[in-house]
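J.: Take this structure, written in C-alpha cells, and hold onto it; I'll ask about it next.
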Amino acid sequence: MQLSLFDIPHPKIELAELFKAYFNCRSNKRNTANAIAFEIDYEHNLVQLCKEINNGTYQIGRSISFIVDKPVKREIFAADFRDRVVHHLVIGKLNQLFEKQFIHDSYSCRVGKGTHFGVQRVDKFIRKCSANYTQDCYILKLDLQGFFMSINKNILFKKLEQFISEKYKNSDKDLLLKLCRKIIFNDPTKNCIIKGNKSDWDNLPQTKSLFHSQLNCGLPIGNLTSQVFANFYMDTFDHFVKHDLGIRYYGRYVDDFVIMHKDKEFLKKVISKLSEYLQTELQVTIHPKKIYLQHYSKGVKFLGTVILPNRIYIANRTKGNFYNAIEKQNEIAIDHKPTKEEQKAFQSSMNSYLGIMKHYKTYKLRKGMLFKNLNGYWWNHLYLSGGIAKFILKVRPIKKQRNANSA
C-alpha cells in the first residue's frame, strides 16, 4: 500500500526530550518564581510547550533584565523558565556535536572544564614553554571589547545553519534550526521586565548593554544558549590560532585568551593578525586597553587568579569580592531574620567563592575571612564541610505534634 504525503509522519520534537530538558533546567533554577509557577502543573505545561514547538506556534516570553555588580558590573537578561527549558532542549541536541568540533583549550561552559581547568592548563603551558622556568617565555593576554554585545547574529546563524546541515543527522533538523533562529534573533529588550532601578545602568558602558547594541548584534548574558553559542562563534578563531598560525600554547575562556611563546617579537607581530581575523570574520574587536605582554616571571592574571612560577594566587579582586559578598550577607542578617530562600542564597554565594578558592593555597585566607567577618547568625543555620570548602544547611529536627487523644 502506497502512503500519501498526508500519511507520512512529520519529524517532531518528542515529549520525552522536553521532560529531560525540563529536569536538567529545574536542577539549576528550581527556586525561582518562574520555575515554581511552571512546576505546579509541569506535565500539562510541557505537553503544551511540545505542541507549540511542533506546530510552529511557540513564541519566546518576556525576560527579566537587571544589573549585577560582581565579579564585574554586567547586564543580565533572565529568560522565562519555559524558554529556559527550550534552551536546554536545543543545547542538549547540539552539545555532543559541538564537543567534537571545539579545540581542547576552550574552557567556558563545558563539562569537565571551567575556570580551574583553564588556570591549570595555562600554568602547564607556561612551564612547558619555559622548559620548567629555565628558558625565556612570554605571555600575551588579550580581551575582546563588549564581546557578547558585538556578536553578529547573521554571522552566528549562518555558521550554525551550516554546522547543523553538515553535522546533525536526526530527522528533526528543520525544527531545530527554526528554534535556533527564533532564539538567536529574539530581541529581549523589546519585551522585558526591568528589575531594580534604571539608575542601576548608570556607569555601565554602552558596549556592555543590549539596549545600545547595533542592529542584529548581541546575545543576552544569562542564557545557556548565549554561553554555548558564543563559544561556537569563537570556534573558527580557535582553529585559526591553533592550525593556521600554528600556535601551540593557547587557551581561551569566553573572550579572555592567552598565548605563550618563546619569542616576544613573534607575539608582538601576531596581535595584528589576530585583530584582522577577528574584525574581518567575526566583527569583534580586541580591547585596546587590555593587551598584556610580559615575561612569564612577571606572572599573569587569568580567571580570578595570578599565575606565577611554581605558585598560583587568588587575585586581589576575587578576595575583595569575597569580602564584599560576606558584608552583603551580614547586612541581611542584621536587618531581619533571613528567610529560607535567603539562607539558600547565602549558601550559593559563599560556596561559589569557596569552590574557586579551595583549589589553591587559601586555607588560612578562607578561615580568616569567614571566622573574623561573618555574622554569628549564619553559623546557627549552616556549617562548613570539607576543610572550609563548602557551607551546608543544618537540618532542623521536626517537632512531633502532640497526640490530642493521648492521655
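The values are calculated or read from the model by the stated rules, or taken from the named source; none is laboratory data. Computed from a predicted model, the values in this text were never measured in an experiment. Cβ sites come from the backbone with ideal geometry, for glycine too, and all protein chains shown count toward neighbours. Protein only, heavy atoms only, side chains kept; ligands, DNA and RNA dropped before computing areas. Shrake-Rupley method; radii C 1.70, N 1.55, O 1.52, S 1.80 Å.
J.: Using only alpha carbon pairs under 8 Å that are at least six residues apart, calculate the relative contact order of the chain and give it in whole percent.
T.: Result for the chain is 19 percent.
J.: Test of understanding: what is the full-extension gain from LYS173 to LYS361, defined as 0.36 nm times their sequence separation minus their Cα-Cα distance?
T.: 62.8 nm
J.: Next up: Once phi is turned into θ = phi - 60°, what whole-Hz ³J(HN,Hα) does the Karplus curve with 6.51, -1.76 and 1.60 give for every residue of region 176-185, x standing for Gly and Pro?
T.: 4, 5, 5, 5, 4, 4, 4, 5, 5, 8
J.: Once you place label points 7 Å from the Cα toward the Cβ at GLN135 and LYS394, how far apart are they in nm?
T.: 5.8 nm
J.: Where both partners of a DSSP beta bridge lie in the chain, what percent of those bridges are antiparallel, to the nearest 5?
T.: Approximately 90 percent, going by the DSSP bridge assignments.
J.: For a quick protection proxy, order the peptides 346-358, 276-288 by their average other-Cβ count within 10 Å, most packed first.
T.: Highest-to-lowest ranking by the protection proxy: 346-358, 276-288.
J.: Rounded to the nearest percent, how much of the accessible area of the chain (1.4 Å probe, protein heavy atoms only) is carbon and sulfur?
T.: It is 50 percent, rounded to a whole number.
J.: For region 315-393, please report how many Lys pairs fall under 19 Å Cα to Cα, leaving out neighbours fewer than 8 apart on the same chain.
T.: 24
J.: To continue, here is another question. Amide H to amide H under 5 Å from TYR249: which residues, 5+ apart in sequence or cross-chain, H placed 1.01 Å off N in plane?
T.: Amide H neighbours of TYR249, under 5 Å, 5+ apart: MET260.
J.: Still on this structure: Post the alpha-carbon centroid distance, region 188-227 to region 282-345, in whole angstrom.
T.: Region 188-227 and region 282-345 have Cα centres spaced 22 Å from each other.
J.: Still on this structure: Calculate, for HIS243 and ASN375, the FRET efficiency according to 1/(1 + (r/R0)^6) with r their C-beta to C-beta distance and R0 60 Å; round to the nearest 0.05.
T.: 0.65
J.: Pick from GLY114, GLY386, GLY320: which is most flexible by mean-square fluctuation in a GNM of the chain where alpha carbon atoms under 10 Å apart are linked?
T.: It is GLY386.
J.: Taking only protein heavy atoms into account and a 1.4 Å probe, give the accessible area per residue of region 263-307 in Å².
T.: Result: 57 Å² of accessible area for each residue.
J.: I'd like to compare 190-202, 289-301: which one has the highest average count of other Cβ atoms within 10 Å, and what's the full order after that?
T.: 289-301, 190-202
J.: Taking the Cβ-Cβ separation of SER199 and GLN283 as r and a Förster radius of 35 Å, what is the calculated FRET efficiency to the nearest 0.05?
T.: Efficiency at R0 = 35 Å is approximately 0.65.
J.: Could you pull out every residue, at least 5 positions away or on a different chain, whose amide H is within less than 5 Å of the one on CYS137? Hs are placed 1.01 Å off N in the peptide plane, and Pro or chain starts have none.
T.: Amide H neighbours of CYS137: TYR296.
J.: To the nearest 10 square angstrom, what accessible area does ASP41 show with a 1.4 Å probe?
T.: Counting only protein heavy atoms, ASP41 exposes about 80 Å² to solvent.
J.: Follow-up. Return the distance in nm (one decimal) between the two label points of a simple spin-label model at LYS128 and GLU14, each offset 7 Å from Cα along Cα→Cβ.
T.: 4.0 nm
J.: Which whole-number percentage describes the relative contact order of region 315-393, with Cα contacts under 8 Å and a sequence gap of 6 or more?
T.: It comes to 36 percent, rounded to a whole number.
J.: Could you report region 315-393's accessible area per residue, 1.4 Å probe, as an integer in Å²?
T.: Heavy-atom accessible area per residue stands at 57 Å².
J.: Using a cut-off of under 19 Å, list every residue of region 120-152 whose amide N is near the label point 7 Å from the Cα of HIS295 along the Cα-to-beta-carbon line.
T.: 126-141
J.: Using a basic spin-label model with each label point 7 Å from the Cα along Cα→Cβ, how many nm lie between GLN120 and GLN206?
T.: Simple spin-label model gives 4.4 nm for this pair.
J.: Can you work out the PRE-style zone for VAL306? Point 7 Å along Cα to Cβ, and I want the residues of region 114-131 with backbone N under 12 Å.
T.: none
J.: Run the lone-cysteine check on the chain: no other Cys C-beta under 4.7 Å from the residue's C-beta.
T.: Those would be CYS25, CYS50, CYS109, CYS180, CYS192, CYS217, since no other cysteine Cβ in the chain comes under 4.7 Å of theirs.
J.: I would also like to ask the following. Output ³J(HN,Hα) for region 140-151: one whole-Hz value per residue in order, computed from phi by the Karplus curve 6.51 cos²θ - 1.76 cosθ + 1.60 with θ = phi - 60°, and x for Gly and Pro.
T.: Using θ = phi - 60°, the values come out as 10, 10, 10, 9, 9, 7, x, 4, 4, 6, 9, 4 Hz.
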